[in-house]
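The values are calculated or read from the model by the stated rules, or taken from the named source; none is laboratory data. Computed from a prediction, not measured in an experiment: that's the story for all the values here. Counting neighbours? That spans all protein chains shown, and the Cβs are built from the backbone with ideal geometry, glycine included. Heavy atoms of the whole protein, side chains included, go into the accessibility calculation; ligands, DNA and RNA do not. Shrake-Rupley method; radii C 1.70, N 1.55, O 1.52, S 1.80 Å.
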Amino acid sequence: MDYVSTRSNYTLAASSHVMKIGIAPDGGLFVPEKVAPVSLEQIKSFAGMGFQQRAAQILKSYLDDYSLSELDECVKHAYSASKFSNPAIAPVKKVKSDLYFLELWHGPTSAFKDMALQLLPLLLVKAIVKTNEVKKVAILVATSGDTGKAALEGFKDVDGTEIIVVFPNDGISEVQKLQMITQQGNNVHVIAVKGNFDDAQNAIKAIFTDAQFAEQVNANGYVLSSANSINWGRLVPQITYYFSAYADILKSGDIRLGEKVNFVVPSGNFGNILAAFYAYKMGLPIHKLICASNENKVLTDFVNTGLYDLRRDFKVTISPAMDILISSNLERFLFEVNGHNSQLICKWMSELKSQKFYSVDSDTQAKMSKILYAGFAAEGEVLDSIRETYSKYKYVIDTHTGVGVNVYDKYVKATNDTTKTIIVSTASPFKFNKAVSGAILGADSVKSKDEFELLKILSQECDLVIPEGLKDLDKMPIRHKTICEKEQIKNEISKILLAR
Ligand SMILES: *Cc1c(COP(=O)(O)O)cnc(C)c1O
């Protein structure tokens, strides 16, 4: 399988190369030249397999310069009992006859980013060998809170790599911040920026297209790569769990082979839902993909009007991993629905850069609406949905998943659709325990308590086990103290990569 850039006819690239460089040198994103089809028979066979085996099959169809035994080895290591607290890895939880949650947060950092970032470093190490790379790979990561920790955990002490994470100093939860600034490992660097996720992502993307900087770091023994969802290596592992969820429900007898389902995806950078879209294109029976946003509802507006408009205020919400206005992976989606038309992409992306908005034609909008439904949830609505989900099903969800539940309710009201629906649960409620315990136990019972007291309270009140990785964070030494202005991000990265 060869890969093309969304912005040009950049020479076709093999999957290991794509994984290693992360983003195309023309600023575009890599996508597979063709989508790999999966038949209903194959989906049926998934029902008889475990998660690891399902993952190896999906990966093989896109990463064809890896052997099946290499991929088997990677998935066994990544999706193992020592890393994931649930043996099903990505279990599906049924709460009523037509509603399910796909729990993607049983990995080491308690958010769905582990699903890809436990695997990516293993694939990358093999890519370094396959591409005869002698330099170290420096992974640059911009994070809205969860990717950073998951990438640090995945890449810590991985030979031949150095990892640098840039996160917004304000706006993320205390648990998220401590997860990153206490990170151990000999190849890890963490930088807090006085700015938001978009500032961090813009700075990192600019570095990737800065040829002069690339030359300097190359001369100093590094090649740059990305662990953000701009890297195809992040997306392909995410395709697996959509097939896996379907196979689990099929196995339970709740659906017949070929019956369509909906997925609700709490979205920010559009990476998770894009993986669902690829699953759909590959043949997974999907009726609608429901794109759920918080008050940073640029995606909702875009799907409903065709106008992508950044001329709005950035809001800090209780679902910070979705506080994003520039959703990078939308570029891949638009490229796919328009039959790989890179001219259109170049036009829209340059308009976005120069005038802060672009408008797609009605044909594109129609293609988009065929598969996507989009809605958003206001802050109070999210808390209501968390409370209601607990009182109806005795099931505790985090703030991001709360956005999903709220938008799903709105979808059902608007459409009366009775298709069985899977809400993608993207984080453990413990990771955002202040808002979650406030919603469930009442604002008064959380007042003046810190997030670590609340971990215990939430665990006792709702009879849940605190994830291992979150328990003693407040007792760990702080190892990373750099805080910089957004204009200084490149400078801080230079200090690390151009030193010696
Ligand atoms: C990253 C993240 C999201 C958003 O996913 P995208 O792929 O960026 O759309 C949603 N919820 C949680 C908990 C996350 O960490």
Interchain or long-range residues, amide H under 5 Å from ASP64's placed H: SER15
For region 38-87 and region 12-33, distance of Cα centres in Å: 22 Å
Amide hydrogen neighbours beyond the local backbone of TYR373, cut-off 5 Å, H modeled: LEU289, ILE290, CYS291
C-alpha center-to-center spacing [region 413-470, region 283-348] in angstrom: 26 Å
Surface accessible to a 1.4 Å probe, ASP309 within the full protein complex, Å²: 30 Å²
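Could you give the length gained by full extension between VAL129 and ALA47, i.e. 0.36 nm per residue of separation minus their alpha carbon distance, to one decimal place?
Once the chain is fully extended between VAL129 and ALA47, it gains 26.1 nm.
Let me know the Kirkwood hydrodynamic radius for the chain, please, with Cα pairs as the basis and the value in Å to one decimal.
On the way: mean 1/r = 0.0441 Å⁻¹.
For the chain, the Kirkwood estimate is 22.7 Å.
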Cα convex hull of region 100-148 - mean projected area over all directions, nm²: 4.6 nm²
Pairs of alpha carbons in region 63-191 whose separation is greater than 22 Å (percent): 43 percent
Residue list for region 367-399, given a label point 7 angstrom along the Cα-to-Cβ vector of SER97 and an amide N cut-off under 18 Å: 393
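Given a Förster distance of 22 angstrom, what is the FRET efficiency for ASP159 paired with ASP65, based on the Cβ-Cβ distance and rounded to 0.05? Before the final figure, lay out each step's value.
On the way: r = 21 Å, r/R0 = 0.94.
FRET efficiency, ASP159 to ASP65: 0.60.
Given a cut-off of 18 Å, name the pairs among LYS431/LYS475; LYS113/LYS394; LYS156/LYS205; LYS281/LYS367; LYS44/LYS260; LYS434/LYS481 whose C-alpha atoms lie farther apart than that in the structure shown. Provide the component values of the computation, followed by the final result.
Numbers: LYS431/LYS475 16 Å; LYS113/LYS394 25 Å; LYS156/LYS205 22 Å; LYS281/LYS367 13 Å; LYS44/LYS260 14 Å; LYS434/LYS481 24 Å.
Flagged as over cut-off: LYS113/LYS394; LYS156/LYS205; LYS434/LYS481.
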Separation of the ASN416 and PHE357 label points, Cα + 7 Å toward Cβ, nm: 3.5 nm
Whole-Hz couplings from phi, Karplus 6.51/-1.76/1.60, listed for region 251-264; x for Gly and Pro: 4, 6, x, 6, 10, 9, 4, x, 5, 7, 10, 9, 10, 9
FRET efficiency, ASN341 to ASP254 (Cβ-Cβ, R0 35 Å, nearest 0.05): 0.35
Calculated from backbone phi, Karplus (6.51, -1.76, 1.60) coupling profile of region 206-219 in Hz, x at Gly/Pro: 5, 4, 5, 9, 8, 4, 5, 5, 4, 4, 4, 5, 4, 4
Phi to ³J(HN,Hα) by Karplus 6.51 cos²θ - 1.76 cosθ + 1.60 over region 222-228, Hz, x for Gly, Pro: 10, 10, 8, 8, 10, 10, 7
Amide proton proximity set for VAL166, modelled H, under 5 Å, gap of 5+: VAL141, ALA142, THR143, ILE191
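Using only the Cα atoms of region 349-472, construct the convex hull and provide its projected area averaged over every direction, in square nanometres to one decimal. Please list the in-between numbers first.
Values: hull surface 45.0 nm².
Reported value for the Cα convex hull: 11.3 nm².
Specify, per residue and in Å³, the volume enclosed by the convex hull of the alpha carbon atoms belonging to region 230-320. Kindly include the intermediate steps, with their values, before the conclusion.
Numbers: hull volume 11.0 nm³, N = 91.
Here the figure is 121 Å³ per residue.
Considering only the other residues whose Cβ falls under 13 Å of the Cβ of LEU257, what net charge follows from Lys and Arg at +1 and Asp and Glu at -1? Display every interim value, and only then the final one.
Numbers: positive: LYS44, LYS251, ARG256, LYS260; negative: GLU41, ASP254, GLU259.
Net local charge, LEU257 excluded: +1.
Do the sum for the chain: with -39,500 (n - 2.57) for every DSSP H run of n ≥ 4, divided by all residues, what is the mean residue ellipticity at 222 nm, to the nearest 500 deg cm²/dmol?
Values: 23 runs with 235 residues, N = 500.
Theoretical 222 nm ellipticity from helices: -14000 deg cm²/dmol.
Average projected area of the Cα convex hull of region 1-93, in nm²?
Convex hull of Cα atoms, orientation-averaged projection: 7.5 nm².
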Projected label distance in nm at LYS76 and LYS490, using a 7 Å step from Cα toward the beta-carbon: 4.6 nm
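Quick check: residue separation of LYS392 and LYS194 times 0.36 nm, minus the Cα distance between them. What number comes out in nm? Intermediate results must be reported in sequence, preceding the final value.
Values: separation 198, 0.36 × 198 = 71.28 nm, distance 4.05 nm.
Contour length minus the Cα-Cα distance gives 67.2 nm.
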For ASP26, solvent-accessible area (1.4 Å; no DNA, RNA or ligand), Å²: 50 Å²
